[in-house]
Amino acid sequence: MQNLRWVFLLFLVSSLLVHTSSSQAICSSQDRAALLSFKSSIIKDTTGVLSSWVGKDCCNGEWEGVQCNPSTGKVTNLVLRNSLNEPTLYMKGTLSSALGNLGSLQVLFISGTKLIAGSIPNSFSKLTSLTQLVLDDNSLQGNVPSCLGHLPFLEILSLAGNRFSGVVPASLGSLRRLSVMMLSRNSLSGPIPVTFKNLVKLQTLDVSYNKLSGPIPDFIGKFQELTTLDLSSNRFSGGLPVSVYSLGKLQDMSLERNDLTGPVSDRIINLKSLSSLDLSSNKFTGHIPASITRLQNLWSLNLSRNHFSDPLPIVGSRGFPSLLSVDLSYNSLNLGAVPSWIREKRLTEINLAGCKLRGAFPKLARPHDVTSLDLSENFLTGDVGAFLANMTSLQRVKLSKNQLRLDLSKLKLPEGVSSVDLSSNVVTGSLSSLLNSKTSRFLEEVHLTNNQISGRIPDFAESLNLKVLNIGNNKISGQIPSSISNLVELVRLDISRNHVSGVIPQNLGQLMQLNWLDLSINGLAGRIPDSLLNIKAMKHVSFRANKLCGLIPQGRPLNIFPAAAYLHNLCLCGKPLPACRKTKK
């Protein structure tokens, strides 16, 4: 959803960036001075954009991101956008107050620069021609200034992905032309201001990932143009106001990860345009309303991690006509079997974790369509291999914490699977049956903890693209192969609680992406190799309860972890453990 909004904003801005004629007026000296003041406030620019800001004419088309009115020479658009996928490209500095002198500015778009910090200058209140203000994905901080409520023509306001704190200023309720407000991914607190009842032209309201609290205001029903409502990952409480069911144009509603309570009304049928609904991780109670099955455009439904109870609504042949993704996990449901409508529909994502499913795997009418499947924490038994055999589109499968008995030598995963989780079952056999030279390059995550896997850790082929290997608490023996260095994408490695012996290979230090390493409770001997100091991304390590000896490599990150990470070995010493004893000459 976030990517779609980004494309929407970019389209609006791009539509305004047309080439100016060759007969345009030279740029205003005042505007040029304002731009150069901004340039001087940026102490580092690895994007290279500002290097094009040279010469006397900022309106000649050569100043990147700057557009002017050709007849007046006044700057109308300033658009500096950087991709978040390019971590080495950024601007570091502050927003110059001189930008407030760009009196004809209509579009101000400084986005994704990552390291522009400080506050929004109060001088921005002078930008009274502004229609779009987009400052998202920077490092701006402090309060959202009240002066932004003094921009009478503002239609788009996005401050998402910064470090703003404090309350949302009531003055923003004066922006009566506003159609898009995005304040997500900050640290804003307090309630939604009552003045927001004036924002009747809103089409998108996104305040997700903040610390906002209080009830969802009843005046939200005034936003009859609203198509996207995202209040997720906050601290909103209370029930859904009745007025929310009057939003006939609403397409996407995300309220997940709050403290919302009470039932969901059958009035939900009035949300005729609803295509995506996420109420997960709240405290909703009662039955799932039967009317929800008649929403014609609903393709994604996530009601997981609530207190919804049996029975599920009866779904007729015309129920859920557009549904592709369903998640009912972790409610108070005692399903016993997968409901027939889930088995028969053309679903791409099926998530029924913790729904008290019992017996053999269900027979799906359209297994080729399923891309993501989570049936974990149930009581399922039966043949996993046969169940997965026809799921040719499967990418993610999670069957952990069931009662599955499986020999890895009999498991053939579909070619496109990227993540498989069979933890906490009765899985036997050797890892080499799953991880070998024929393993699909798509496989990135393997979770097999708490099983009865035996044999050795296999040699790893260069073709493997594993990012996560969790094989703790099994019966695996032998040594860690030196070919572990082939797993250059590995982020997490857990081989704890096995019978692994030998030394920790030096070339483990070549895994530069590794941030989680757990080798505890094995029979590893020798020293902790100094090469591990090369892994600067490491956030967790444990070498506890092995037969290791010698000086712990002294340097970050290894000497900043707690002593518990190194306890119960033969003779490890050095920070964070006591200093090593000096040997007598």
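In whole Å, what are the Cα extents of segment 467-522 along the three principal axes, biggest one first?
Largest first, segment 467-522 extends 27, 18, 13 Å along its Cα principal axes.
For segment 357-405, what does the accessible surface come to per residue with a 1.4 Å probe? Please give it in Å².
I get 48 Å² per residue for segment 357-405.
Starting from the 7 Å offset along Cα-to-Cβ, what nm value, one decimal, do you get for the label separation of VAL242 and ASN143?
The modelled label-to-label distance comes out at 3.7 nm.
Kindly provide log₁₀ I(q)/I(0) values, in the same order as q = 0.14 Å⁻¹, from the Debye equation applied to equal alpha-carbon scatterers of segment 226-333.
-0.49
Could you work out what % of the accessible surface of segment 362-436 is carbon and sulfur, using a 1.4 angstrom probe and leaving DNA, RNA and ligands out of the count?
46 percent
For the chain, what proportion of DSSP beta bridges, expressed in % and rounded to the nearest 5, is antiparallel?
Working: 6 of 106 bridges.
Within the chain, antiparallel bridges account for around 5 percent of the total.
How about LYS398: which aspartates and glutamates have a C-alpha closer than 20 Å to its C-alpha, ignoring those fewer than 8 places off in the same chain?
ASP327, GLU349, ASP369, ASP374, GLU377, ASP383, ASP407, GLU415, ASP421, GLU444, GLU445, ASP494
Taking the Cα centroid of segment 25-70 and of segment 71-121, what is the distance between the two, rounded to the nearest whole Å?
11 Å
Taking the convex hull of the alpha carbon atoms in segment 465-585, what volume per residue do you get, in Å³?
Spread over its residues, the Cα hull of segment 465-585 gives 97 Å³ apiece.
Per residue and in Å³, how big is the convex hull formed by the alpha-carbon atoms of segment 152-215?
Given the Cα convex hull of segment 152-215, per-residue volume reads 76 Å³.
State the percentage of accessible surface on segment 449-585 attributable to carbon and sulfur atoms; use a 1.4 Å probe and exclude ligands, DNA and RNA. Please report the intermediate quantities before stating the final value.
Details: 3420 of 6720 Å².
Exposed carbon and sulfur together represent 51 percent of the surface.
What Cys residues in the chain are without a partner cysteine, judged by a Cβ distance under 4.7 Å?
When partners are defined as cysteine Cβ atoms under 4.7 Å apart, the chain leaves CYS147, CYS355 without one.
Please work out the C-alpha center-to-center distance from segment 499-531 to segment 362-425 and express it in whole Å.
31 Å
How large is the helix-only mean residue ellipticity at 222 nm for the chain, computed as the sum of -39500 (n - 2.57) over DSSP H runs with n ≥ 4, divided by its residue count, in deg cm²/dmol to the nearest 500?
Helix-only estimate at 222 nm: -1500 deg cm²/dmol.
So what are the ³J(HN,Hα) numbers for segment 343-348, from phi and the Karplus equation (6.51, -1.76, 1.60; θ = phi - 60°), rounded to whole Hz, Gly and Pro as x?
Along segment 343-348, the couplings run 5, 9, 7, 8, 9, 9 Hz.
Taking amide H positions as placed 1.01 Å from N in the peptide plane, with prolines and chain starts having none, which residues 5 or more places from ILE116, or on another chain, fall under 5 Å of its amide H?
MET91, GLY93, SER139
Given a 1.4 Å probe and every protein chain left where it sits, what share in percent of the accessible area of segment 68-168 is carbon and sulfur?
Values: 1680 of 3440 Å².
Roughly 49 percent of what the probe reaches on segment 68-168 is carbon or sulfur.
ASP374: accessible area at probe 1.4 Å, nearest 10 Å²?
30 Å²
When a/c reaches 1.5 or more, the comparison of a/b and b/c decides; with that in mind, is segment 57-193 rounded, prolate or oblate per its Cα gyration tensor?
Details: a/c = 2.00, a/b = 1.23, b/c = 1.63.
Oblate, because a/c is 1.5 or more while a/b does not exceed b/c.
State the percent of C-alpha pairs, over all pairs in the chain, separated by a distance greater than 30 angstrom. It would help to have the intermediate numbers written out before the result.
Numbers: 109708 of 170820 pairs.
For the chain, the share of Cα pairs beyond 30 Å comes to 64 percent.
Using the Karplus curve 6.51 cos²θ - 1.76 cosθ + 1.60 with θ = phi - 60°, work out ³J(HN,Hα) for each residue of segment 83-99 in order, rounded to whole Hz, and write x for Gly and Pro.
After applying 6.51 cos²θ - 1.76 cosθ + 1.60, I find 6, 6, 7, 10, x, 7, 9, 6, 10, 10, x, 9, 8, 5, 5, 5, 4 Hz.
Might you tell me the accessible area per residue for segment 226-325, computed with a 1.4 Å probe and given in Å²?
Averaged over the residues of segment 226-325, the accessible area is 40 Å².
Using θ = phi - 60° and the Karplus relation 6.51 cos²θ - 1.76 cosθ + 1.60, list the HN-Hα couplings for segment 547-552 in order, rounded to whole Hz, with x at every Gly or Pro.
10, 6, 8, x, 6, 5
So in segment 218-328, what percent of DSSP beta bridges are antiparallel if you round to the nearest 5?
If I count the DSSP bridges inside segment 218-328, around 0 percent turn out antiparallel.
Determine the per residue accessible area of segment 112-155 with all protein chains present and a 1.4 angstrom probe, expressed in square angstrom.
Roughly 32 Å² per residue, with all protein chains present.
Whose amide H sits under 5 Å from the amide H of GLY478, counting only residues 5 or more places off or on another chain, with H placed in the peptide plane?
Placed amide hydrogens put SER501 under 5 Å from GLY478.
For segment 328-455, max minus min Cα coordinate along each principal axis, in Å, sorted largest first?
So the extents along the principal axes, rounded to whole Å, are 40, 27, 20.
For CYS580, which sequence-distant residues (separation of 5 or more, or a different chain) have an amide H within less than 5 Å of its own amide H, given hydrogens modelled in the peptide plane?
GLY574
Which three semi-axes in whole Å describe the equivalent ellipsoid of segment 151-302, each the square root of 5 times a Cα gyration tensor eigenvalue, listed largest first?
So the equivalent ellipsoid measures 25, 18, 13 Å along its semi-axes.
Given bins 5 angstrom wide, list per bin the percent of all Cα-Cα distances in segment 274-318, short to long.
Going out from 0 Å in 5 Å bins, segment 274-318 shows 6, 20, 28, 27, 17, 3, 0 percent.
The values are calculated or read from the model by the stated rules, or taken from the named source; none is laboratory data. Note that the coordinates shown come from a computational prediction; the quantities given were computed from them, not determined experimentally. Heads up, the Cβs are rebuilt from the backbone with ideal geometry, glycines too, and the neighbour counts pull from every protein chain shown. All accessible areas refer to the heavy atoms of the entire protein, side chains included, with ligands and DNA or RNA removed. Shrake-Rupley method; radii C 1.70, N 1.55, O 1.52, S 1.80 Å.
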